[in-house]
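> The structure that follows is given in the form of C-alpha cells.
Quick note: the coordinates plus some simple rules give every number you see, no bench work behind them. All values reported here derive from a predicted model rather than from experimental measurement. FYI the Cβ positions are ideal-geometry reconstructions off the backbone, even for glycines, and counts take in every protein chain you see.
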Amino acid sequence: MVPIARLRTATYVSGTLSHSWQAISSSGSSIEQKGMINASKTISLTAMQLMTNPDVLIKAKEELINQRGLDFVYKPLLADRELPLDYRN
C-alpha cells in the first residue's frame, strides 16, 4: 500500500450529474478545457514538487505507517476464497 492523493476539478457546469447527456454535451467546451488544463497543471506541479523535495515523500510514508499501524498485514480481497460466480458453468 502507498499513500494516494485525489484531485477533482470542474469540467462541466456545477450541478450536472456525471455520465448524463449534459455532462457529455460539454465535451470540448471551454469549461471542460479549462478544467482539464487546471488538472494537468496541478498533477504536473505536484509530481515536480515530490521529485524535487524527497522530505515530503518521507513524511507521507511515515504518516501512512502511523495511520495503518506497525502490525498491518495486507490481505487481498480474494485471497483463498472461491469466486462467488463462475460464468463458464
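> Provide the per-residue ³J(HN,Hα) series for region 34-48, in order, calculated from phi with Karplus coefficients 6.51, -1.76, 1.60 and θ = phi - 60°, each as a whole number of Hz, with x at glycine and proline positions.
5, x, 5, 5, 4, 5, 5, 5, 5, 5, 5, 5, 5, 4, 5
> Now, a different point. Which number gives the lysine pairs in region 1-85 that have C-alpha atoms under 25 Å apart and are eight or more places apart or on different chains? Walk me through the intermediate numbers first.
Values: 41/59; 41/61; 59/75; 61/75.
Close lysine pairs found across region 1-85: 4.
> Within 14 Å, Cβ to Cβ, of residue 4, how many net charges do the neighbouring residues add up to if Lys/Arg are +1 and Asp/Glu are -1? Don't skip to the answer; put the middle values down first.
Values: positive: 6, 8, 61, 68; negative: 63.
Around residue 4, the surrounding residues sum to +3.
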